[in-house]
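Take a look at the structure set out below.
The values are calculated or read from the model by the stated rules, or taken from the named source; none is laboratory data. Nothing here was measured: the structure is a model prediction, and the numbers come from that model. FYI the Cβ positions are ideal-geometry reconstructions off the backbone, even for glycines, and counts take in every protein chain you see. Accessible surface is based on the protein model in full, side chains and every heavy atom, while ligands, DNA and RNA are left aside. Shrake-Rupley method; radii C 1.70, N 1.55, O 1.52, S 1.80 Å.
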Amino acid sequence: MVKIAPSLLSADFSRLAEEVRRVEEAGADLLHMDVMDGRFVPNITFGPLVLEALKAHTRLEMDVHLMIVEPERYLADFRQAGAATLTVHAEACAHLHRVVHQIKELGARAGVALNPHTPLDVLDYVLGDLDQVLIMSVNPGFGGQRFIPAAVEKIRALRNRAAEAGLRLDIEVDGGINPETAPLVTKAGANLLVAGSAVFGQRDVAEAMAALRRAAANA
Ligand code: DX5
Ligand code: ZN
């Protein structure tokens with residue numbers, strides 16, 4: 001079954017707790033949180049303090065997407081603040097294997113994200129250790145960008161690899177997901193859909209998520 005993870009990046013930052021409640025009540029499966037440091041990506045968002053503050057306001061699992069350099073320095077803080085899943089970028093980790101195992105030792109689900117240009121091969125020797133892989137379908141840093149179609153083939157290839165290896169891997173896709181692109185990625189094998197503007201940007205978030213689910217089901 002496909003899960004919908006609204007991305008907080010497109011929420012109204014002046015009233016985050018209400019925004020989280022709004023998508024939770026409307027049936028979100030996870031809460032996707034984009035952490036940006038102004039170094040790995042050209043934008044800055046929030047850190048563990050914001051997770052900590054929101055923890056009391058939601059029962060949704062926090063799916064934390066770390067777009068930061070040297071993520072190993074902050075994993076424990078984000079875990080402590082309530083992250084259920086910690087996803088690091090392969091491009092930001094010189095020692096990806098070590099970082100993945102650090103995440104697991106903290107008791108969190110471990111994810112690795114790949115930028116649009118990064119080949120799947122970087123996952124060859126860690127795939128079996130991962131709970132999820134995040135395929136970026138835009139260049140990270142901003143919400144509301146246009147979907148990059150090459151992501152579809154990458155998702156398909158990854159789903160095949162995981163199936164061949166007998167792995168139950170979550171494949172998450174992030175960037176430009178809307179009712180037009182959702183069926184393309186779910187048909188290719190993605191089962192976690194991140195959506196920022198297609199959810200928070202809409203007046204009726206319940207209907208926005210329902211539209212994504214319907215589109216995904218028609219894949
Ligand atoms: C982009 C972030 C995304 C972003 C997606 O760097 O990782 O999670 O919020 O926004 P949309 O769904 O608007 O493309
Ligand atoms: Zn994200």
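Data for the structure
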item: Filter result (away from ligand 2 (no atom under 15 Å from the Cβ) and either of a type in the set (S, T, N, Q) or touching a residue at least 24 places away in the same chain (Cβ under 8 Å) (or both)) within the range 119-135; result: L120, V122, L123, Y125, V126, L127, G128, D129, L130, D131
item: Helices (runs of 4 or more DSSP H) (entirely within the range 1-92) containing at least 3 residues that are open to solvent by 30 Å² or more (accessible area, probe 1.4 Å), within 14 Å of ligand 1 (Cβ to nearest atom) and farther than 25 Å from L169 by Cα; result: none
item: Search result, residues across the range 93-118 that are free of Cβ contacts under 8 Å to residues at least 40 places away in the same chain and either among the hydrophobic types (A, V, I, L, M, F, W, C) or in a strand (DSSP E or B) (or both); result: C93, A94, L96, V99, V100, I103, L106, A108, R109, A110, V112
item: Residues of the range 183-203 satisfying the condition of being away from ligand 2 (no atom under 16 Å from the Cβ) and without any contact (Cβ under 8 Å) to a residue 40 or more places away in the chain; result: P183, L184, K187, A188, G189, Q202, R203
item: Sole exception among (1) out of contact with any Ser or Thr (no Cβ under 7 Å at 6 or more places or on another chain); (2) surrounded by fewer than 18 Cβ atoms within 10 Å (Cβ to Cβ) for L114, by number; result: (2)
